[in-house]
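What follows is one structure encoded as structure tokens, with my remarks underneath.
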Amino acid sequence: MTFTQEKTLAAKVRSDFPILDQEVDEKPLIYFDSAATSQKPLAVLNTLRNYYERDNANVHRGAHTLSIRATEAYEGARDKVAKFINAASRQEIVFTRNATEAINIVAYSWGLNHLKAGDEIILSVMEHHSNIVPWQIIAQKTGASIKYVGLTESEELDLEQFKSLICERTKIVAIAHVSNTLGCINPVEEIIAIAHQYGAKILIDACQSVPHMPINVQAMGCDWLVASGHKMLAPTGIGFLYGKQALLEEMPPFFGGGEMISEVYLDHFTCGELPHKFEAGTPAIGEAIALGAAVDYLTEIGLDNIHTYEEELTAYLFEKLESIPNLRIYGPKPTKDGKGRAALASFNVEGIHASDLSTLLDREGIAIRSGHHCTQPLHRLFDASGSARASLYFYNTCEEIDTFVKALKETIDFFNSVME
Ligand SMILES: Cc1ncc(COP(=O)(O)O)c(C=O)c1O
């Protein structure tokens, strides 16, 4: 393989991420946990600091300079997000705390008001808990039932099963674009088209795709799409809900309070305009503005470049991991050039607990995750309580993969020798 592109991308951006330039236990930090949360470039950190140093004020209701500046920057960030995912208008972007909150808004505001006994919700077995539990709550309240799409032999979403599950009783489909555990990229365009043929609405959980590949909601055709800022270089505490304007107009507010109203009387209130109708209370102003900076940063690098580079990392990671005996990676195999899945690998090694692996790797400065990754139903299918997961981003390198795989092999050898 060539390292040409790696040198141009990871080498180009690496100094933008000061956190990566440190030692853990006297070893250079290797951060392979970006699916949980990404690191933040200086452009984002400086934007946040600049906001609090120079512009901090509450938005929308102030006539003074700082409030006007804060409002312009906050609403400017909304424009950036709208453009980033090609929403038809800025009104279609609702700032939320994270993707979980965005899904809950749809579940409570739309689901509670549209679902009834006999209706069906379709999810998949690979969903993150945040795209399962809200629907279970709404199903309990409305009497609707949930059906789950399973996996094919190659551990991808079973599209044929989806086609057999969907029917006129299906009112909503909620599916991850990219699985945070399997790494598979689901054929969302096809799923959306099928859902719409049956008159069902469709929500895409784009937490693991928006940071890594170009997203065009209009081309995709989804009704709602959710993402978390902290996985796409922004701070925690900010995410967004995209919704088709007509749908958002029709949905009642979920949170009530300041900012989301037009008029309040002692016995009733009238709703504010979109998107403020869904943004009750003082929002995460600095965090939203910093999300705008993250979007600028990602746009400047180019999502196509990020995606292509990550394919290169994926190919290399799989080639190396597959050489380790008794190591089982969940999800589909990538092609030789790393296509067809995300740059992450969830795995188990026979006879060794995933958390023991990650604890020992941490002593080598290597940060990987172990546990159920908020996909317990999926792990149960594999008869596993959890797995280890290495998840990469465009600031990672093939040299880091080499160090990780060497340390992983040594750790496995150590455990095997102890167990002998
Ligand atoms: C696919 C997927 N959906 C939803 C979430 C939830 O994100 P958050 O906790 O930021 O709301 C995650 C986080 O790991 C995820 O990977």
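We did not get these values from a lab; they are worked out from the coordinates using the rules stated. Quick caveat, the model's predicted, so the values are computed rather than measured. Neighbour counts are summed over all protein chains in view; Cβ atoms, including those assigned to glycine, are modelled from backbone coordinates with ideal geometry.
So what's the gap between the Cα centers of the stretch 344-420 and the stretch 137-183, to the nearest angstrom?
Comparing the Cα centres of the stretch 344-420 and the stretch 137-183, I get a distance of 28 Å.
Given the stretch 45-299, what percent of its DSSP beta bridges are antiparallel, to the nearest 5?
DSSP beta bridges in the stretch 45-299 are roughly 45 percent antiparallel.
When you have a sec, figure out the Kirkwood radius of the stretch 45-299 from all distinct Cα pair distances and drop it here in Å to one decimal?
Values: mean 1/r = 0.0532 Å⁻¹.
Taking every pair of different Cα atoms in the stretch 45-299, averaging 1/r and inverting gives 18.8 Å.
Each label point is 7 Å from the Cα along the Cα-to-Cβ direction; what then is the distance between the points at residue 270 and residue 22, in nm?
It is 5.2 nm.
Pulled fully out, how much extra length does the chain show between residue 137 and residue 88, if you take 0.36 nm times their separation in residues and subtract their Cα-Cα distance?
14.5 nm
Between the stretch 40-80 and the stretch 236-286, how many Å separate their Cα centres?
Taking the Cα centre of the stretch 236-286 as reference, the centre of the stretch 40-80 is 20 Å away.
Hydropathy first: keep DSSP H helices in the chain averaging at least 0.0 on Kyte-Doolittle, then drop any whose Cα extent along the axis falls short of 27 Å, and list what survives. Present the calculation step by step, with values, prior to reporting the outcome.
Numbers: long enough: 65-84 (28 Å, -0.43); 398-419 (31 Å, 0.22).
Span-like helices in the chain: 398-419.
Kindly flag which residue pairs out of 40/339; 116/141; 80/171; 231/277; 201/339 have an alpha-carbon separation exceeding 20 Å in this structure. Walk me through the numbers before you get to the answer.
Numbers: 40/339 26 Å; 116/141 9 Å; 80/171 31 Å; 231/277 26 Å; 201/339 29 Å.
With Cα atoms farther than 20 Å apart: 40/339; 80/171; 231/277; 201/339.
So how do 267-277, 204-214 stack up, highest first, on mean other-Cβ count within 10 Å?
Descending mean neighbour count gives 204-214, 267-277.
Tell me, what is the FRET efficiency for residue 159 and residue 63 to the nearest 0.05, using R0 = 51 angstrom and their Cβ-Cβ distance as r? Each step should come with its number before you reach the end.
Numbers: r = 55 Å, r/R0 = 1.07.
That gives a FRET efficiency of 0.40.
Could you work out the helix-only [θ] at 222 nm for the chain, with each DSSP H run of four or more residues adding -39,500 (n - 2.57) and the total divided by the number of residues, to the nearest 500 deg cm²/dmol?
About -11500 deg cm²/dmol.
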